[in-house]
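**Student:** Got a structure for you, written out below as structure tokens; questions coming shortly.
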Amino acid sequence: MIYRLQSPVRQHKVQPAANNQAMYQERLVARHETIALRGMPCHLLHWGPADSSLAPLVLLHGWMDVAASWQFAVDALSSAFTQGRRIIAPDWRGFGLSMPEQRVDCYHFPDYLADLDALLDQVAGDAPIDLVGHSMGGNIAMMYAGARPARIRRLVNLEGFGLPATRPAQAPGRYAQWLDELRRQRQGELALKAYASPEGVAERLMKTNPRLPADKAAWLARHWARQGSDGRWHILGDAAQKVISAQLYRVDEALALYAAITAPVLSVVADHDSLAQWWKDRFTLQEFHERTRHVRQLTSATVKDAGHMLHHDQPQAVAGLIEDFLV
């Protein structure tokens, strides 16, 4: 269910923290914009000069995340870098402030590629851009760069692993699961948890990621959730995002897309092995590295003392890698 926000979305107001709660202070304050994109609203954050002649850097967030999640890494970039770039981060459809005007019952992965293609038409024209993606955003970036190689100058993939290999024999069960989850979605059984306060949201963020400092959690909570008409704080993600994809993940298709990428790629992982935590032996970090060998121009890096949200855990290290690779 999508709840009505107490403040109109176009105002982009963020409720301050309680007096006794420290709040992260941005070095670069984002500018907000909402555009029409393929018949849906798309909320964008902009950092850096508002000069359309400058080369754009586009940042793509992960699943159940928002564009504001990039704030800490953007703040860690050098002033020389940010003064010479337009930095743009969209909220993917069904996340953040990019909510559909009419209720949908599921989201299809190829639409993210089409949304990115349409976004680049508006913000970059035919000029090649630099692309950074985290998690789901990294997967989208890799697939898009294979489908539209001429549009990407350089690409940074932050733990955009893809998924375990599947077999065609799994298709009947997958389609049945998808149909079952669509029914559950229609019946309101996939609703996201709501919280009594932004402090409750911040606690949830720190429980999910114990490395996230309290001041950053307090700041992010007010961008990751909004107070609804019922007085509770709701995650800015459509519950329909929880419906499984009807289509199986095809490794052979992913490898063909990787091989078609012509841009140099920087693949960054955290030293805490997320894949082992999620998939056990169904999909390993070694298997991911074997897949990325299909990329023509690949550089790999590891961020120490970090988990999957490495741009939150070590924003200076991540920003340094991005900046050094893109300059």
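Please treat every number below as a calculation from the coordinates, not as lab data. Just so you know, these numbers come straight off a predicted model, no measurement behind them. Note that each Cβ is placed from the backbone with ideal geometry, even for glycine, and that neighbours are counted across all protein chains shown.
**Student:** Only Lys, Arg, Asp and Glu count, each charged at its Cβ (+1, +1, -1, -1), so figure out the dipole size of the stretch 74-197 about its Cα centre, rounded to 20 debye.
**Tutor:** I would put it at about 220 debye.
**Student:** Which of Ser274, Ser52, Ser197 moves the most in a Gaussian network model of the chain with Cα springs under 10 Å?
**Tutor:** Maximum among the listed residues: Ser52.
**Student:** Given 0.36 nm per residue, what is the gain on full extension from Thr208 to Arg186 after removing their alpha carbon distance, in nm?
**Tutor:** Extending this stretch completely gives an extra 5.1 nm.
**Student:** Given the alpha-carbon gyration tensor of the stretch 214-327, what are the semi-axes of its equivalent ellipsoid in whole angstrom, ordered largest first, with each equal to the square root of 5 times an eigenvalue?
**Tutor:** 30, 22, 15
**Student:** Further question on the same structure: Calculate the dipole size of the stretch 270-327 relative to its Cα centre from +1 charges on Lys and Arg beta carbons and -1 charges on Asp and Glu beta carbons; express the result in debye to the nearest 20.
**Tutor:** My answer is approximately 280 debye.
**Student:** Then there's this: Between Trp63 and Thr284, what is the label-point separation in nm under the 7 Å Cα-to-beta-carbon projection?
**Tutor:** The two pseudo-label positions are separated by 2.3 nm.
**Student:** What net charge do the residues around Gly162 carry, taking every other residue with its C-beta under 11 Å from that of Gly162, with Lys and Arg at +1 and Asp and Glu at -1?
**Tutor:** Net local charge, Gly162 excluded: -1.
**Student:** Then there is this: Can you give the Kirkwood hydrodynamic radius for the stretch 74-184, in Å, rounded to one decimal and based on Cα pairs?
**Tutor:** On the way: mean 1/r = 0.0608 Å⁻¹.
Evaluated over the stretch 74-184, this radius sits at 16.5 Å.
**Student:** Can you tell me which of Val265, Val156, Val243 moves the most in a GNM of the chain? Springs connect C-alpha atoms under 10 Å apart.
**Tutor:** Top of the fluctuation ranking is Val243.
**Student:** In straight Cα distance, which lysines are under 20 Å from Lys193, not counting same-chain residues fewer than 8 positions off?
**Tutor:** Filter leaves Lys207, Lys242.
**Student:** Which of the peptides 207-220, 166-179, 96-109 is most tightly packed, and how do the rest follow, going by the mean number of other Cβ atoms within 10 Å of each residue?
**Tutor:** The packing order, highest mean first, is 207-220, 96-109, 166-179.
**Student:** Still on this model: Per DSSP H run of at least 4 residues, take -39500 (n - 2.57); add these up for the chain, divide by its residues and hand me the 222 nm value, nearest 500 deg cm²/dmol.
**Tutor:** -10000 deg cm²/dmol
**Student:** From Cα pairs below 8 angstrom and at least 6 apart in sequence, can you work out the relative contact order of the stretch 164-247, rounded to a whole percent?
**Tutor:** The normalised contact order for the stretch 164-247 reaches 39 percent.
**Student:** Which length gain, in nm to one decimal place, applies between Asp271 and Glu33 when the Cα-Cα distance is subtracted from 0.36 nm times their residue separation?
**Tutor:** 82.1 nm
**Student:** Also, quick follow-up: Kindly list the residues of the stretch 57-96 that lie in the label zone of Ala50, defined by a backbone N under 15 Å from the point 7 Å along the Cα-to-C-beta vector.
**Tutor:** Of the residues in the stretch 57-96, 86-88 have backbone N under 15 Å from the label point off Ala50.
**Student:** Could you state the per residue volume, in Å³, of the convex hull enclosing the Cα atoms of the stretch 135-242?
**Tutor:** For the stretch 135-242, the hull spanned by Cα atoms encloses 171 Å³ per residue.
**Student:** In addition: With unit charges on the beta carbon (Lys/Arg positive, Asp/Glu negative), name the residue among Val327, Tyr249, Ile235 whose Cα is farthest towards the positive pole of the charge dipole of the stretch 221-327.
**Tutor:** Most positive-ward Cα: Ile235.
**Student:** Explain nothing, just the number: relative contact order of the chain, from Cα pairs under 8 Å at least 6 residues apart, as a whole percent. Each step should come with its number before you reach the end.
**Tutor:** Numbers: 596 pairs, mean separation 69.5, N = 327.
Taking the mean separation of contacting Cα pairs over the length of the chain, I get 21 percent.
**Student:** Turning to a different aspect of this structure: I'd like the distance separating the alpha-carbon centroids of the stretch 76-126 and the stretch 220-294, in whole Å.
**Tutor:** If you average the Cα positions of each part, the centres end up 16 Å apart.
**Student:** Two decimals is fine: what's Rg over Rh for the chain, C-alpha atoms, Kirkwood radius as Rh? Can you show the working numbers first?
**Tutor:** Values: Rg = 19.2 Å, Rh = 20.4 Å.
Looking at the chain, the ratio lands at 0.94.
**Student:** Report the gain in length on full extension from Ser245 to Thr262: 0.36 nm times residue separation, minus Cα-Cα distance, nm rounded to one decimal.
**Tutor:** 3.3 nm
**Student:** May I pose another question? Where Lys and Arg each count +1 and Asp and Glu each count -1, what net charge lies around Asp75 among other residues with Cβ under 12 Å from its Cβ?
**Tutor:** +1
**Student:** Name all residues of the stretch 189-229 having a backbone nitrogen under 16 Å from the label point set 7 Å from the Cα of Asp305 along its Cα→Cβ direction, giving them as ranges.
**Tutor:** 210-214
**Student:** Relative contact order for the stretch 76-219: what percent, with Cα pairs under 8 Å and sequence separation of 6 or more?
**Tutor:** With pairs under 8 Å counted, the relative contact order is 15 percent.
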